[in-house]
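Heads up: the structure comes next, in structure tokens.
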Amino acid sequence: MFGSTIARMPFFRLNDDHMNPDDLGDFDPETVPRAVAAFGGHMVTKGMELAMHEHRKDELVLTMRGIVRLEAGHGVWIVPPRCAVWIPGHVPHSVSVAGDVEMHCLFVEPDAVPALPRQCCTLTISPLLEHLLVHATHMPVMYDPDGADGRIAAVLLDQLSLAPAEELRFPMPADARLRRIASAMMTDPSDRATIEDWSRRMAVAPRTLTRILQRETGMSFGRWRQQLHILIALQRLDQGASVQAVALDLGYEGASAFVTMFRKALGKPPARYLAERRIGAH
């Protein structure tokens, strides 16, 4: 089904929302009889969404650049630099991308990496693991499990099992009213409306919204919004935006207030946080 045995893992390109039909061919990672299957992609798009779906295999989505947003279960991941989202098999998820995006997707046979959680999470990707994953997207689809590529796949899985999980998730409540607020905040992150403002807009008592949010996410409204701001900031800073510009985009009065929030949340200022993620990446 894969043509010749030297068929390579695909790398697709999409521009102006038109995909080259030859890029993926009949490649289906679900049916590749190997421990790993992978593909990469480069897209330039104003916005594209892959509707809710699920896989038999476990999946890792690594973002190299651009904005990739993934929703699964009760969470939204705005995948930050040097990170990837781990999606265990049979977990429904949707993916949306926008801008100049490069991403790599790794599909893993179930139970091949038993050390990883059986729920979605964000994993920090080391430079070694990143290079192994990118290499996998250039291997033959039917690589020799006992050859050099098979050994690469084994090391890739070993490194994946060691990747630390991070709490870089924006919890998505099940409550329809809170989901409307979440969607509005993602669309306009500079909106500084308080929970009282939202309660007036939606004609719901603020205590009701606060209680449901705490029950479904474990967070106060301020902490919930802050988590979204951190994820958006990581994306924009990695794309070259200045701290001042990001601070204003997120509705802060200036860079100082934003940096203070960021340091309290992640333990270090934005520049140092991003610099440490980039060490050894090239």
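The values are calculated or read from the model by the stated rules, or taken from the named source; none is laboratory data. Treat the numbers as computed from the prediction; the structure is a model and nothing was measured. Because the Cβ atoms are built from the backbone with ideal geometry, glycine has one as well, and the counts that use them run over all protein chains shown.
Summary of computed values
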| quantity | calculated |
| --- | --- |
| Criterion (in a strand (DSSP E or B) and of a type in the set (D, E, K, R)) met by exactly one of D100, D149, D158, D144 | D100 |
| Of all residues making up the stretch 90-141, the number that are among the small types (G, A, S), under 16 Å from the mean Cα position of the chain (by Cα) and farther than 16 Å from R69 by Cβ | 1 |
| Test: residue in the stretch 81-91 that is closer than 23 Å to S126 by Cβ, in contact with a helix residue (DSSP H, G or I) (Cβ under 6 Å, 6 or more places away or on another chain) and at pLDDT below 90 | yes |
| Condition check for L168: surrounded by 13 or more Cβ atoms within 10 Å (Cβ to Cβ) and in contact (Cβ under 8 Å) with a residue 60 or more places away in the chain | yes |
| Any hit, the stretch 144-157, residues being more than 23 Å from R225 (Cβ to Cβ), surrounded by 22 or more Cβ atoms within 10 Å (Cβ to Cβ) and either touching a Gly at 6+ places or on another chain (Cβ under 9 Å) or touching a residue at least 60 places away in the same chain (Cβ under 8 Å) (or both) | yes |
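Residue by residue, here is whether (1) surrounded by 17 or more Cβ atoms within 10 Å (Cβ to Cβ); (2) closer than 22 Å to R69 by Cβ holds:
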| position | (1), (2) |
| --- | --- |
| T187 | no, yes |
| D191 | no, yes |
| I195 | yes, no |
| A205 | no, no |
